[in-house]
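The values are calculated or read from the model by the stated rules, or taken from the named source; none is laboratory data. Worth saying up front: this structure is predicted, and the values here are computed from it rather than measured. Counting neighbours? That spans all protein chains shown, and the Cβs are built from the backbone with ideal geometry, glycine included.
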Amino acid sequence: MGRVPGWLVAGVVYAGLGVGMWWHVWAGRPASTMVCACGDPASIAWFIAWPAYAISHGHSLLYTTWVHVPGGMNLLDNTSVLALGVALSPVSWLFGPVTALNVALTLAPPLSALSMYGCLRRALGAGRPAAFLGGLLFGFSPYMMRNEAFNHLQVTFLPLLPLIFLCCYELAVAQQGSWWRWGAGLGLAVTAQFFVGVEMLTITVFMTGIALALASLAALVRGSLAGKLPFAWRGFLLAGLVAGALLAYPAWYALAGPRHIRGAVWSAVTANGLGQQLFPVRQRDLAVIGYLGHGGTRGAYLGILALVVVAVAVAVLRRPLVVLCAILLVTAMWLSLGSKHLAISQGGQPSWLPLPWRALDGWPILKNITPANFSVVAVWCIAVAGTLLLDRVWRTAAAPAARVAAAAAVSAALVIPWLLAWPLPFTTTGVRAPAAVSRLEARLPAGAVVLFYPFPSSYQDQALVWQLEDGMRYRLVGGRGIVAGGDGSADHGFTPGTPEGTMTALTTPLVTHAVMALPPMPAPGAIRSFRVAMRAWGVTNVVMTPGGRDPAYARKWLSAALGTAPQREEGIWVWNDVQQLPARAAAG
């Protein structure tokens, strides 16, 4: 019997770590267990569920009117992780969409790590132990764990990034094999990444452009550029043609298709602080984002020891790739600071430090980038530099004891601070709809449109999970997606004075980057506006479930706006046949 393949051993270990991270899911009921039916997890669960429903019912994969009625939502303008939803549709059909979400979350770190392992072995010739370390760092970094906790699959499902690097490295540096195979592979990988996460693709293309420019300059100085250009430009041109052909329609759909968004998606975006990158600053306000357990470090955390390892790798190896990694590491860390200074007391940096992102955050495409996500590039650079340093130590140390000790020191400096960054396994909870809600769902009329309170535009968006668990048999007013407002700008459902904004303000004082004031009792003008909206939405039922900032006040407000009191059914308040309410309640 031959040796067990290294990738298989690495894959088994990575998979075990992935299952361990989500042990509370797989040891319980994966079809009805998540971190919570709230915040970003509920939104991502809905996005995972939609492709299975759309395929089985003949609906569009790119557009939906099952939320944000009546206009609907352009899914390519949102973090819809469409490729994952399509790939996991069989899981959704057989075991339910929550199970599909849990499969995706469990596989994201191991597959990302295994892809990195293969890339380091194939492209850089790293030995098994070193490649294993690099995969472990890339797949299980604090950045990965923080975003896994919030179910941000659009930035944690990263197995395509090492493949993109491999293709670029072969085209620009190694130049082994056929240029057209690497070019076609690069085009296909870019296309697939588009449907996993456009933002991560944009960051990858941006930083790869910087890396290729620096590598070209170095080759020009060494006099080797002319010899490498023919192979490289043919491959990159083919990659552009393949990706351009495959993404022409999806890109148009995102930029100019139905209900596309003009301008920036967010008025404010998340950035890192320098202190957060160097020290283990704890994540706060977890429930607002969608995690009910004890949190760990910010996703920005790299640690001083990791930076020391990179510096040692530069000094010891004197390899151009390691120098390039160091330059890209500093660049990514700097860009991730965003365009506004964070106070040092909050893990920020001195106000005198220039912020280069200020010159870029207004550019097309780049204006929708979250600077904090440049952390993934920093993680990549540390993983590559650490891998090459460990590989050198492992191969060249004279005495076995010295080799093991040096390798252990490098590995411990990188692995221990990162794997201890978040308490594991992640905290989870049951998300099955309350029995009263399930019985109400069973009584809803065909084609029902339901307005839920709490309104699902904020972190109290459990109605999204109830809808997908019920098989999408009814449509929802509102949702956690981002849609185009009347002028085409991004509308999150928070705009004060609008019916959606009012429902959000009745539900919570806290929304992303804003605080909502509790609306006053509706005056005649507000009542008319709300009733017009109810007719436009086609609402058939209004349902109040426990939760929200002041349920008694919200019930009083809705009773005034609808012109009638609700019925109490098993602990929830319901207005049925909304379009048939007395004339004074339905008239606009």
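Overview of values
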{"read-out": "Selection from the range 422-457 of residues that are farther than 20 Å from R473 by Cβ, touching a Lys or Arg at 6+ places or on another chain (Cβ under 8 Å) and not aromatic (F, W, Y)", "value": "G430, S457"}
{"read-out": "Unique match (being surrounded by fewer than 20 Cβ atoms within 10 Å (Cβ to Cβ), touching an Asp or Glu at 6+ places or on another chain (Cβ under 9 Å) and either β-branched (V, I, T) or within 17 Å of P41 (Cα to Cα) (or both)) among V269, V281, V265", "value": "V265"}
{"read-out": "Search result, residues across the range 482-536 that are on the phi > 0 side of the Ramachandran plot and either surrounded by 19 or more Cβ atoms within 10 Å (Cβ to Cβ) or touching a Cys at 6+ places or on another chain (Cβ under 6 Å) (or both)", "value": "G493"}
{"read-out": "Selected residue [among the aliphatic types (A, V, I, L, M), surrounded by fewer than 17 Cβ atoms within 10 Å (Cβ to Cβ) and within 26 Å of the chain's Cα centre (by Cα)] from V316, V330", "value": "V330"}
{"read-out": "Residues (surrounded by fewer than 23 Cβ atoms within 10 Å (Cβ to Cβ) and modelled with pLDDT under 95) located in the range 445-481", "value": "P445, A446, G447"}
{"read-out": "Qualifying residues in the range 1-35 (those that are surrounded by fewer than 20 Cβ atoms within 10 Å (Cβ to Cβ) and β-branched (V, I, T)) - the one farthest from R432 (Cα to Cα)", "value": "V4"}
{"read-out": "G96 small (G, A, S), surrounded by fewer than 24 Cβ atoms within 10 Å (Cβ to Cβ) and modelled with pLDDT of 95 or more", "value": "yes"}
{"read-out": "Residue among T156, T204, T191, T208 that is of a type in the set (S, T, N, Q), surrounded by 16 or more Cβ atoms within 10 Å (Cβ to Cβ), within 25 Å of the chain's Cα centre (by Cα) and more than 27 Å from I48 (Cα to Cα)", "value": "T208"}
{"read-out": "Breaking point among (1) outside any loop (DSSP other than H, G, I, E, B); (2) touching a residue at least 12 places away in the same chain (Cβ under 8 Å); (3) not β-branched (V, I, T), for A31", "value": "(1)"}
{"read-out": "Options W380, W422; residue that is aromatic (F, W, Y), under 28 Å from the mean Cα position of the chain (by Cα) and within 24 Å of T208 (Cβ to Cβ)", "value": "W380"}
{"read-out": "Checklist (1) out of contact with any strand residue (DSSP E or B) (no Cβ under 8 Å at 6 or more places or on another chain); (2) assigned to a loop (DSSP other than H, G, I, E, B); (3) within 17 Å of N147 (Cα to Cα) applied to I48, failing item", "value": "(2)"}
{"read-out": "Set V86, V69: member being modelled with pLDDT of 95 or more, surrounded by fewer than 23 Cβ atoms within 10 Å (Cβ to Cβ) and touching a strand residue (DSSP E or B) at 6+ places or on another chain (Cβ under 6 Å)", "value": "V69"}
{"read-out": "Residue among I55, I44 that is surrounded by 19 or more Cβ atoms within 10 Å (Cβ to Cβ) and among the hydrophobic types (A, V, I, L, M, F, W, C)", "value": "I44"}
{"read-out": "Among residues of the range 422-444, those that are touching a residue at least 60 places away in the same chain (Cβ under 8 Å), surrounded by 15 or more Cβ atoms within 10 Å (Cβ to Cβ) and farther than 29 Å from V19 by Cβ, counted", "value": "5"}
{"read-out": "Residues of the range 528-549 that turn out to be in a loop (DSSP other than H, G, I, E, B), under 25 Å from G72 (Cβ atoms) and not hydrophobic (A, V, I, L, M, F, W, C), as a count", "value": "3"}
{"read-out": "Failed condition for C36, given (1) within 17 Å of the chain's Cα centre (by Cα); (2) within 21 Å of W466 (Cβ to Cβ); (3) not in a loop (DSSP other than H, G, I, E, B)", "value": "(3)"}
{"read-out": "Check on V377, part of a helix (DSSP H, G or I) and more than 25 Å from N102 (Cα to Cα)", "value": "yes"}
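Residue by residue, here is whether (1) without any contact (Cβ under 8 Å) to a residue 40 or more places away in the chain; (2) of a type in the set (A, V, I, L, M) holds:
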residue	(1), (2)
P371	no, no
F374	no, no
V377	no, yes
W380	no, no
V384	no, yes
T396	yes, no
P400	yes, no
I416	yes, yes
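Rundown of residues vs (1) in contact with a Ser or Thr (Cβ under 7 Å, 6 or more places away or on another chain); (2) hydroxyl-bearing (S, T, Y); (3) touching a residue at least 24 places away in the same chain (Cβ under 8 Å), yes/no style:
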residue	(1), (2), (3)
T507	yes, yes, yes
H513	yes, no, yes
L518	no, no, yes
A523	no, no, no
A554	no, no, yes
L558	no, no, yes
T564	no, yes, no
E570	no, no, yes
